Amino acid sequence: MSRINRQRPDSILIDPSRLADIHLENDRLGSESQATMSEYTLTPDRHQGQSAASRKFARATSAQLISHVRALAESLHSQSDAQLRHEARLVRREMARTQSTTEPHLLIAGLALATAALRRTVNVALYDVQLLAAMTMSRRWIAQMQTGEGKTFAALAAALHLSLTGRGVHVIAPNTCLAERDYQLAAKVAAPLGISVALLTERVDAAEKTSAYDADVTYGSVQEFGLDYLRDQLTLREKLRQGSAARLLSNPRQDATLRRTTLQRGLAYAVVDEADSVLIDGAGSPLVLSFGSHDRAPDADAHLTAKSLTEVLRPDVEFVLEPSGGRVALTEAGVQRCHADDVAIPTLQLARPWSVYVQQALRARYLFRRGVHYVIQNDEVRIVDEIGDPVFEDCAWQDGLTQAIEASQDLPITAGKHAVAQVTRQRFFRLYEHLSGITATAIGCESEFNDVYDLTVADIPLRMPSQRVVLPTRFFVNNTAKYHAITSDIVLVQQLGRAALIGTRSISDSDALAAKLASHNIECQLLSGLHDAAEADLISRAGHPRSVTIATNLAGRGTDIHLHPEVRANGGLHVIVAECRTSSRMDRQLIGRCARQGDPGSAQAYTSADDSLIALHGPWLVEELHREADANGEVDADFSSQLKRIQAAAERQQSASRCNMLRHDNAFNSLLKSAK
């Protein structure tokens, strides 16, 4: 162990002054990694300065760096918990002195501590690819690591290393369920190192929130972190209402004198799980903090009257739908019908023009789908964001749309909420000094990661070759023919003793498919994607023989389906994409549920002319599908290239929309700063 600091024999710290003299032998990775791993070079972080010796060491291959991590972790194996905490304190002290997390001796020491703690607490030995991913995140990159390769452990190792700075690490998950799951693991692993871990939960008082943010590592959902940031801005506005409005959206860390009045103590380090889902797909909608009450809306009767009108108004005659833009326009005949003598308009209740009530009621009836755009929880409408996760009750649609949906679903019509603060996700995440993340599906959006967040994507190689078989996409003229084909394939999967996971777009689609399966005496489990513990348990058991699980696209991310030995022997899990999403990455995420860590598995996508993707972004394909269909409604031709073009065009449109929203947000922020 010549690499150990001889001046402090009780420390694992590598002496940085000796780095230039270290011989970097041509280490080879373990047999569990592919050969390409040894060619991967970790480049120096362009955001932090390094010494000449450090720069030389940073040019080492990953295998050479990982060998040092393993050697140091092994030296900690026989030490007591007290000695391990002592080592962590020494690394903390060194990081505080250098203000760097990427100096090689500190990177190796921090990851060695995390490796030792994982082995000691949960008996997990990190693979080389997991250490490589942890190094990648520690250097402010996005790590693309395939599903089943152990992203949770890699992200935890990176978070533990970064936490040694003492400035707080936010581990941001797409939803609360995944955050809670990862928190429970992290709290157990961090304990021997003396690293504190906390979980952000909804509906707790400010003292509990503040305590959670004071921990070394804080787990929570993107909504919780973002809305707490906005709550802090309201606090600052109250404290600084006599000052410049430009400071309202500044980073709290920039004003240390006011930091104790806020929930968060600053935005230093963030490790984002499912990074493409959170930073790209979810960036289509801003973080909005709204206040309101649960009392009956004073204009409830107006919403009910508008709902009744939607039952008699004629499409394309009295109103026109624009599904791609989510808009409804009343024609001249429609306006006249809305003001006809038989319509009892509650004039005294109106808070906006009567035509707006009718338009929102039409949107609720025709354009907003339960399980796609919103879910119902405790008789409340919860918005589903761009990435398919229900957001908090502090978020609501504006201009009466929430109340129109409540009326359409026969729910109590509550008083409207008003937005008090908002920020785009892009600008919020750019406030972090050190932003990194991990996902299985980053490839395809490298440009947006770089242009918006100044992040580079690193593709982590597989630990073991994949055995996944992806069958050709099948095309149909309508959902009836598509569901019939899916049912026939499920029968075959069950006969083979395998398990099936079917991904749908909405709860109504899941119900329709479940009914079709039931007509053939096929039992299935339905997951609506509410991310509670019961659903996590159901999907974790989806690998049992002959089991069939139907999950909306709200479900599935971050879940690990363990295969029963019989299922593994018979070919593994079969994944069915019942409807392709706008982004091909979302389809790949679902397909990634099968054939994990060298297991067998297969997947196939099914597309029909009734699918939203085709209807909204490729209506020109409908006629071609009908022309090539057989008597059973299946298309006897391959339209995969056309489907890819449609998805690519839809993704470009969404990316342009996100960039446009960010430009408007930046322009508004510049106006605030210029008023300073």
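General observations
- Subset of the stretch 421-448 [surrounded by fewer than 16 Cβ atoms within 10 Å (Cβ to Cβ) and not in a helix (DSSP H, G or I)]: Glu433, Ile443
- Filtered residue count, the stretch 266-299, keeping only those that are on the phi > 0 side of the Ramachandran plot and aliphatic (A, V, I, L, M): 0
- Selected residue [out of contact with any strand residue (DSSP E or B) (no Cβ under 6 Å at 6 or more places or on another chain), among the aliphatic types (A, V, I, L, M), at pLDDT below 85 and part of a helix (DSSP H, G or I)] from Leu248, Leu236, Leu309, Leu304: Leu248
- Evaluating His294 against the criteria (1) under 30 Å from Asp228 (Cα atoms); (2) under 27 Å from the mean Cα position of the chain (by Cα) leaves one unmet condition, (2).
- Residues in the stretch 371-386 that are touching a residue at least 40 places away in the same chain (Cβ under 8 Å) and either hydrophobic (A, V, I, L, M, F, W, C) or under 22 Å from Val278 (Cα atoms) (or both): Gly371, Val372, Val375, Val384, Asp385, Glu386.
- Of the candidates Ala173, Ala187, Ala179, Ala143, the single residue that is buried (at least 24 other Cβ atoms within 10 Å of the Cβ) and either at pLDDT 95 or above or on the phi > 0 side of the Ramachandran plot (or both) is Ala143.
- Residue in the stretch 283-299 that is aliphatic (A, V, I, L, M), surrounded by fewer than 23 Cβ atoms within 10 Å (Cβ to Cβ) and at pLDDT 90 or above present: no
- Criterion: in the same structural domain as Ala154 (by TED's automatic domain parsing), modelled with pLDDT of 90 or more, of a type in the set (D, E, K, R) and assigned to a helix (DSSP H, G or I) - qualifying residue of Arg97, Arg85: Arg85
- All of Ser436, Ser508 fail the test of being at pLDDT below 95 and under 27 Å from the mean Cα position of the chain (by Cα), apart from Ser508.
- Hits in the stretch 314-365 - residues which are charged (D, E, K, R), assigned to a loop (DSSP other than H, G, I, E, B) and more than 19 Å from Ala302 (Cα to Cα): Arg314, Asp316, Glu318
- Any hit, the stretch 419-441, residues being within 30 Å of Ala300 (Cβ to Cβ) and of a type outside the set (A, V, I, L, M, F, W, C): yes
- Within the stretch 411-420, the only residue that satisfies the criterion of being buried (at least 19 other Cβ atoms within 10 Å of the Cβ) and assigned to a strand (DSSP E or B) is Thr414.
- Within the stretch 384-410, the set of residues being at pLDDT 75 or above, polar (S, T, N, Q) and assigned to a loop (DSSP other than H, G, I, E, B) comprises Gln409 only.
- Selection status of Ile66, β-branched (Val, Ile, Thr), touching a His at 6+ places or on another chain (Cβ under 9 Å) and in contact (Cβ under 8 Å) with a residue 24 or more places away in the chain: no
The values are calculated or read from the model by the stated rules, or taken from the named source; none is laboratory data. Source: prediction; values computed, not measured. Quick reminder, even Gly has a Cβ in these numbers, built from the backbone with ideal geometry, and neighbours come from all protein chains shown.
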